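The values are calculated or read from the model by the stated rules, or taken from the named source; none is laboratory data. The model shown is predicted, which means the values in this text are computed figures rather than measured ones. Counting neighbours? That spans all protein chains shown, and the Cβs are built from the backbone with ideal geometry, glycine included. These accessible areas exclude ligands, DNA and RNA; they are computed on the full protein's heavy atoms, side chains included. Shrake-Rupley method; radii C 1.70, N 1.55, O 1.52, S 1.80 Å.
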Amino acid sequence: MARPTVVENVFDPRVFARGVPHEALRRLRDDAPVSWQEEHEVGIWPAGPGYWAVTRYDDVRHVLRSPADFSSSLGATQIRDPDPADLPFIRRMILNMDPPEQVRLRTLVTGAFTRRRLERFAATVRERAAVLLDAVAARGSCDLPADVTDDFPLQNLADLLGVPAADRAQLLHWTNRVIGYQDPEHAHVVLDADGRPVNPRSPAQLADMFAYAEELAEAKRRHPADDVMTALVQAEVDGERLTDAELKMFFFLLVIAGNDTVRSALPGGVLALVEHPGEYARLRADPGLLPGAIEEMLRWHPPVLTFRRTAARDLELGGQAIAAGDKVVVYHVSAHYDERRFPDPHRFDLGRTPNDHLAFGQGPHLCLGAAFARLQLREFLTEFLTGLPQVELAGEPRRLTSNFINGVTRLPLRW
């Protein structure tokens, strides 16, 4: 099928390392809301077949809510195609399933994320935030990710899962390996026998993580506790339990997504405050604004930039004819700045209402951990606003080289 000319390049992860290409995304929303993107070679990563970039809010929401047309399973959910040999393995993760299989699995695990279990961690989460901020307060400066926020969600997640303290550094190693594979600072590239880079989500690259998940699950069977890993081991609906493979995949998902979502959102939210000192001062003066402020931070700096689907049939979207098997990639970060949904979207407004952002997804794949992510943001920002004076930038932020995660890897601050 003939493809239209690419009008803007919003594929290259190096573009996002320089900052979200807001002007390019605006032009796409206005002139080519569903546009063809060439998937060119990036470093050692080979070129791909290309995909449709979906940039308007209503179209993004429609794709996310229409799994029968836009499948998570056919080609999984990352822009880069997995090795065909790995695809059956990758499809075992709930993120890469479609209903009804996805609904069955979600029903099995939903009970592990009860509000009672999550809120039980609130005091510990706030105390952890206070300790981490106290450690830098007297210095008058810090690099927020390295000194504070990289550690914060990692420790919270380890508590929630029931991971022993001695093993927690390994969680960060796995996260960096999977999420940061395009970033020179985090990349740990493994080549196959033909010299091609191996996908960090492939079975071979996840073997050590899955072996650990198996050991942890067995430990929870012998010594159950009030944590999510125990709840997953014990989860049962109509006599059905998670298989060993499903349990390992859930561990992978929780470690990677559960850690990196908050790890990206926190420095992104603080950077938004620092870049808008008037709104920052407004929030310090009125802590009651915090719930709405968190939603505006998530709109302004969504932790996830994009998600991929695959067209399950020939269809039309945004005036474009899309063929069955085509990749369709939704741009959350563009939808959040769509003037058709958010008036004056480049105004950072902590009182914005309504604020129907898509930071935690939409439809059947709405994030299971959204409540715990919001809890962590709430407790951290409460301590941040009271534990430090108003801070300012002390240098240039550094962003993750990625077209998937909206990461901030350095954020120098002073006060």
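Its Cα gyration tensor gives segment 341-415 an equivalent ellipsoid. The semi-axes, each the square root of 5 times an eigenvalue, are 25, 18, 16 Å from largest down. Evaluating 6.51 cos²θ - 1.76 cosθ + 1.60 at θ = phi - 60° for every residue in segment 57-66, the Karplus couplings come out as 3, 4, 5, 4, 4, 4, 4, 5, 9, 10 Hz, glycine and proline recorded as x.
With the gyration tensor restricted to C-alpha atoms of the chain, the semi-axes of the equivalent ellipsoid amount to 31, 29, 21 Å, longest first.
Under conditions of 20 °C and 1.002 mPa s, segment 262-343 yields 142 µm² s⁻¹ as its translational diffusion coefficient, taking Rh as the Kirkwood radius over Cα pairs in the Stokes-Einstein equation. Considered as an equivalent ellipsoid built on the Cα gyration tensor, segment 279-415 has semi-axes of 33, 17, 15 Å, the largest given first.
Amide H contacts of Arg309: Val328, Val329, Val330, each under 5 Å away and 5 or more positions distant or on a separate chain (H built 1.01 Å from N in the peptide plane; Pro and chain starts excluded).
With the full set of protein chains in place, find how many percent of the accessible area of segment 256-325 is carbon and sulfur; take the probe as 1.4 Å. Spell out each step's value before the answer.
Values: 1170 of 2200 Å².
Roughly 53 percent, rounded to a whole number.
For the chain, report the accessible area per residue in Å² (1.4 Å probe, heavy atoms, rounded to an integer).
Numbers: 16790 Å² over 415 residues.
Computed with neighbouring chains in place, this is 40 Å² per residue.
Within the chain, the longest run free of exposed loop sites, counting trypsin sites (Lys or Arg not before Pro) that sit outside DSSP helix and strand states (H, G, I, E, B) and have at most 16 other Cβ atoms within 10 Å, spans 140-312. Computed about the Cα centre, the dipole magnitude for the chain is approximately 560 debye when only Lys and Arg (+1) and Asp and Glu (-1) carry charge, each at its Cβ. Counting only DSSP beta bridges whose two residues both lie in the chain, roughly 90 percent are antiparallel. Probe radius 1.4 Å, ligands and nucleic acids ignored: give me the carbon and sulfur share of the accessible area of segment 82-141 as a rounded percent. The nonpolar share, carbon plus sulfur, comes to 57 percent.
Cα-based radius of gyration for segment 40-123, normalised by 2.2 N^0.38 Å, reads 1.43. Sequentially through segment 203-210, phi angles give Karplus couplings (6.51, -1.76, 1.60; θ = phi - 60°) of x, 5, 7, 9, 4, 5, 5, 5 Hz, Gly and Pro residues having no value and appearing as x.
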